[in-house]
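The values are calculated or read from the model by the stated rules, or taken from the named source; none is laboratory data. Nothing here was measured: the structure is a model prediction, and the numbers come from that model. Glycine gets a Cβ as well: all are built from the backbone with ideal geometry, and neighbour counts include every protein chain shown.
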Amino acid sequence: MATVSMQMGRLIRLSLLRAGMALAVASFLLLVPGVARSQAQQQEDEEIRLGREAAAEHDKQVKLITDPALVERVNRIGAEISKVANEQQVQMLWGRPGLKQLPYTFKVVDDKDINAYSMPGGFIYVNRGLLEFVKSDDELAGVLAHEIVHAAHHHVMKLLHEQEKIQWAALGPALVSILLGKGGTQTTSDLLLAGQLYTIAKVNTWSVEAERDADHGAVRYLLRTKYNPVGLLTFIERLARQERLKPEVELGIYRTHPPTVERAQALIRLLAE
């Protein structure tokens with residue numbers, strides 16, 4: 001990420017934050033200060049290290065809930081699903097292949113938004129608003145399974161890797177213009193903007209693919225537990241009903257999630273298999 005201009009970095013961070021879930025942390029990782037690390041830390045798995053650093057920084061910015069009943073519920077359900085994720089591979093639609101033992105942790109955030117998200121390495125957060133919204137342990141299990149797939153399929157790490165690959169391709173025309181002295185300031189500015197929009201579009205395309213994979217993988221994990229995967233469907237359907245009450249906004253390249261109705265339809269097809 002060091003090759004990206006600060007302006008592009010800010011735009012990409014803003015774009016990724018729109019995801020509101022696991023992939024938002026990709027931008028957050030860019031904010032973690034780079035510091036000299038001991039040899040032992042350097043040998044630690046990069047993904048887990050980045051996630052631990054991001055989680056530690058994140059914990060300073062939010063209010064964590066310590067209510068024993070809420071925390072126990074999330075940890076109990078999360079532990080059963082994460083055990084499956086650490087022991088069994090499921091079909092992957094998008095991500096980085098490879099079964100890896102991750103030190104899953106689950107925390108509850110005092111936030112009214114209906115949201116959950118995960119850091120690389122298995123650091124997962126659930127908002128109070130989501131716990132109040134779910135109607136059953138099956139629905140909560142569906143959400144947690146979705147977030148666990150983000151971690152188990154290494155979505156953030158793949159996203160960062162793919163993002164790095166397109167940075168120079170996106171900035172290339174503007175850099176050539178600058179180096180060769182061709183084109184005025186406006187031309188260079190237009191080329192930079194085009195490159196930035198291209199990067200955002202690509203990143204958001206991958207984000208949508210990651211969300212689809214997380215839904216798909218969540219069902220596969222849940223089928224290996226006592227929790228009913230239909231819970232994820234009922235959760236998504238109620239989100240879709242809420243979405244229909246809001247005015248439609250065409251997000252275009254800024255879309256980071258498949259439409260909620262589309263997610264529900266995909267889950268219905270998957271559950272019917």
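Return a yes/no flag: does the range 60-71 have any residue that is in a helix (DSSP H, G or I), modelled with pLDDT of 95 or more and in contact with a Phe, Trp or Tyr (Cβ under 9 Å, 6 or more places away or on another chain). Before you say what the answer is, go through the steps one by one.
From the range 60-71, those in a helix (DSSP H, G or I) are 60-61, 68-71; that's our starting set.
Now drop any that are not modelled with pLDDT of 95 or more, which leaves 68-71.
From the residues that got through so far, the ones that are in contact with a Phe, Trp or Tyr (Cβ under 9 Å, 6 or more places away or on another chain) too are 71.
Yes, some residue in the range 60-71 is in a helix (DSSP H, G or I), modelled with pLDDT of 95 or more and in contact with a Phe, Trp or Tyr (Cβ under 9 Å, 6 or more places away or on another chain).
Look at the range 100-124 and say how many of its residues are within 13 Å of GLU147 (Cα to Cα), polar (S, T, N, Q) and part of a loop (DSSP other than H, G, I, E, B).
Total meeting the criteria: 1.
Looking at LEU232 and the list (1) within 23 Å of the chain's Cα centre (by Cα); (2) of a type in the set (A, V, I, L, M, F, W, C); (3) part of a helix (DSSP H, G or I); (4) modelled with pLDDT under 85, which single condition is not satisfied?
Unmet for LEU232, out of (1) within 23 Å of the chain's Cα centre (by Cα); (2) of a type in the set (A, V, I, L, M, F, W, C); (3) part of a helix (DSSP H, G or I); (4) modelled with pLDDT under 85: (4).
Condition first: within 24 Å of GLU53 (Cβ to Cβ) and not in a loop (DSSP other than H, G, I, E, B). Now tell me which residues in the range 86-99 satisfy that.
Initially, the range 86-99 is screened for residues within 24 Å of GLU53 (Cβ to Cβ), giving 86, 95-96, 98-99.
The answer is ASN86, and nothing else.
If we only count helices (runs of 4 or more DSSP H) wholly inside the range 127-219, which ones have 2 or more residues that are small (Gly, Ala, Ser) and modelled with pLDDT of 50 or more? Break it down into steps so the answer makes sense when it comes.
Working: elements: 128-133, 137-152, 155-180.
Per the criteria, 137-152.
Residues in the range 241-249: is at least one modelled with pLDDT under 95 and buried (at least 18 other Cβ atoms within 10 Å of the Cβ)? Write out each step before concluding.
Applying the first criterion (modelled with pLDDT under 95) to the range 241-249 yields 241-249.
If we keep only those that are buried (at least 18 other Cβ atoms within 10 Å of the Cβ) too, we end up with none.
No: zero hits.
Every residue, every condition in (1) hydroxyl-bearing (Ser, Thr, Tyr); (2) without any contact (Cβ under 8 Å) to a residue 60 or more places away in the chain; (3) on the phi > 0 side of the Ramachandran plot, yes or no:
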{"residue": "SER82", "(1), (2), (3)": "yes, no, no"}
{"residue": "TYR104", "(1), (2), (3)": "yes, yes, no"}
{"residue": "ASP110", "(1), (2), (3)": "no, yes, no"}
{"residue": "ILE114", "(1), (2), (3)": "no, no, no"}
{"residue": "LEU131", "(1), (2), (3)": "no, no, no"}
{"residue": "ASP137", "(1), (2), (3)": "no, no, no"}
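Filter the range 74-126 down to residues that are of a type in the set (Ser, Thr, Tyr) and at pLDDT below 95, then give me how many there are. Write out each step before concluding.
Taking the range 74-126 first, the residues of a type in the set (Ser, Thr, Tyr) are 82, 104-105, 117-118, 125.
Remaining after also requiring at pLDDT below 95: 117-118.
Result for the range 74-126: 2.
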